[in-house]
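Undergrad: Have a look at this one.
The values are calculated or read from the model by the stated rules, or taken from the named source; none is laboratory data. Nothing here was measured: the structure is a model prediction, and the numbers come from that model. Here Cβ is always computed from backbone atoms with ideal geometry, including for glycine, and neighbour counts include all displayed protein chains. Protein only, heavy atoms only, side chains kept; ligands, DNA and RNA dropped before computing areas. Shrake-Rupley method; radii C 1.70, N 1.55, O 1.52, S 1.80 Å.
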Amino acid sequence: MSATPTSGRESGDRCPGALRLHAADDGALARVRLPGGLLTSVQAEVLAGLAEELGDGRLDITSRGNVQLRGLPDACGAALGGRLRAAGLLPSDRHERIRNVVASPLCGLDGRDDGRTDARVDVQAWARALDGLLCAGEGAGEGAGEGAGEGAGEDEAGTSDLSGLSGRFLFGLDDGRGDIVALAPDVTLIAERDGRHALLCFGTAGPAVRLASGDAPRAALLAARAFLAARRASGVGAWRVRDLAPEQRPSPERLAERLAAAGIACSLVPRLTLPHGPAPPPGAVHGRDGRWALSLAAPLGRLTVGQWRLVAGAAAQDGDGELRVTPWRGIVVPGLTAVAGAAHRTAFADAGLVVSPDSPWHGAGACAGRPGCAKSLADVRADAAACLTGTLPGGADVLPVYWSGCERRCGHPGGRWVDVLATDEGYRLAVRDDAARGPATARTVPAREMADAVAAARTTT
């Protein structure tokens, strides 16, 4: 978690959703939450139809593995909501913005052998169970009440409503490989190697609580309620755990007591070393059962309707009918044979999708920029594309790079990354590290030198 809290949010949480649309310069924007990134091919086709009929013909993947539709007409809310509900993509109007759940997308798909037992925890099942609890407004068995009036969802006694969570609050479900831990969620669950237990912590720091894996979704819900109670006690309008000062954050010790009171057996783990692993690279993923998955990335996080339908069609025709949208602006297509996987990989590459870590587009991202965002100082997507179609390096070891149109840096990656920020004087470039103390050293780069400067920064060791 960040060592510097952003205590006291001056404005309300305006994070968009599927029903609360955001007014952008290119039209309204809707964000459809996909807990765990899970999506059926049928649901994917519904999203394609909405993007084509109501939007600008594109689908954006966010840094939480959700999907955004842009260029929507202002009066489309009723039609949009109705079609999302019919497709099972809007199970609760009241709770739709709090369904921010990311999960290890390769869980159960890859054949890696790192000493784990065969009893691997299915964190995608955790995601489904947690989403069900969130949408039902369950109290997880700890003194659930009616929860009406101001502050509902925040009291220590335990109201049943969690709709008071910010649209930015993040649940992270990690199968032990450390890919989700690296995203610094607010409530983090990590499956342990024995397949029977899980660790639960706030952010990515200890102490943690160890509990049975079957209790993990309910425990995560109680942890979110503990945050709401801590937020109310602090008197600060915090959106995330890291927005609270260290002394104001929810206590793992108190959480252990709440879990025990709810009938969840647990023990405190004072010292904690969490796993940290890379994001799944694009390419073929060999499974243990002879089946393959195909991991791909969307260039700058955006797909055309044609590209989206190509991927959804592969899942429907040759896969298991499911897609897993990733927080790294990619998609995993499970359940393919080796022959089908090879054929689809070629088709995806021909369609302009990223199917290899050697592509310079791998790990590259950009915000909406002009003309979609009024705050942006440049058409960052066009400028990024100009660099990426030049001589920039690819490879699994290069740093992520992200072009931002303003100081907000919407959607930027975490960890260590190359920051390309538009300013009134041009682009300012810096290598940022979330774990480092102090500001990053930045310099303004002329346009003619940008490609070489970004290439050098991405290969910085």
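Undergrad: Which residues, counting only those in the range 361-382, are over 20 Å from the mean Cα position of the chain (by Cα), of a type outside the set (Gly, Ala, Ser) and surrounded by fewer than 23 Cβ atoms within 10 Å (Cβ to Cβ)?
TA: Passing the criteria: Arg370, Pro371, Cys373, Lys375, Leu377, Asp379, Arg381.
Undergrad: Now for a different question. Pull up the range 301-335, narrow it to residues that are touching a Phe, Trp or Tyr at 6+ places or on another chain (Cβ under 9 Å), outside any strand (DSSP E or B) and more than 24 Å from Asn100 (Cα to Cα), then point me to the one that is most open to solvent (accessible area, probe 1.4 Å).
TA: Ranking the candidates gives Leu310 first.
Undergrad: Determine whether the range 254-273 contains at least one residue that is at pLDDT below 95, within 16 Å of Pro185 (Cβ to Cβ), open to solvent by 20 Å² or more (accessible area, probe 1.4 Å) and not aromatic (Phe, Trp, Tyr).
TA: Checking the range 254-273: at least one residue is at pLDDT below 95, within 16 Å of Pro185 (Cβ to Cβ), open to solvent by 20 Å² or more (accessible area, probe 1.4 Å) and not aromatic (Phe, Trp, Tyr).
Undergrad: Now, a different point. Of all residues in the range 233-251 being within 23 Å of the chain's Cα centre (by Cα) and in a helix (DSSP H, G or I), which is surrounded by the most Cβ atoms within 10 Å (Cβ to Cβ)? Please lay out each step first, then the result.
TA: Here is the first cut: in the range 233-251, the residues within 23 Å of the chain's Cα centre (by Cα) are 237-244, 249-250.
Going one step further and asking which of them are in a helix (DSSP H, G or I), we end up with 241-243.
Details: Val241: 29, Arg242: 22, Asp243: 23.
Across the range 233-251, the extreme among qualifying residues is Val241.
Undergrad: I'd like the residue in the range 66-81 that is farther than 15 Å from Ala48 by Cα and not hydrophobic (A, V, I, L, M, F, W, C) and, out of all such residues, is least open to solvent (accessible area, probe 1.4 Å).
TA: Of everything passing the filter in the range 66-81, Gly77 is least open to solvent (accessible area, probe 1.4 Å).
Undergrad: Need pairs with beta-carbon distance below 7 Å; first residue under 17 Å from Ala284 (Cβ atoms) and within the range 310-322, second crowded, with 19+ Cβ neighbours inside 10 Å and among the β-branched types (Val, Ile, Thr); sequence gap 6+ or separate chains.
TA: Final answer for the pair search is Val311/Ile331; Val311/Val333; Ala314/Val333; Ala315/Val333; Gly319/Val333.
Undergrad: Additional query: How about the range 282-294: which of its residues are out of contact with any Phe, Trp or Tyr (no Cβ under 7 Å at 6 or more places or on another chain), under 14 Å from Gly108 (Cβ atoms) and open to solvent by less than 30 Å² (accessible area, probe 1.4 Å)?
TA: Within the range 282-294, Gly287, Ala293 qualify.
Undergrad: Moving to a separate point now. Would you pick out the residues in the range 165-179 that are open to solvent by less than 10 Å² (accessible area, probe 1.4 Å) and in a loop (DSSP other than H, G, I, E, B)?
TA: Quick first cut of the range 165-179, residues open to solvent by less than 10 Å² (accessible area, probe 1.4 Å) only: 165-167, 169-175, 178-179.
Those that are open to solvent by less than 10 Å² (accessible area, probe 1.4 Å) and in a loop (DSSP other than H, G, I, E, B): Leu165, Ser166, Gly167, Phe169, Leu170, Asp175, Gly178, Asp179.
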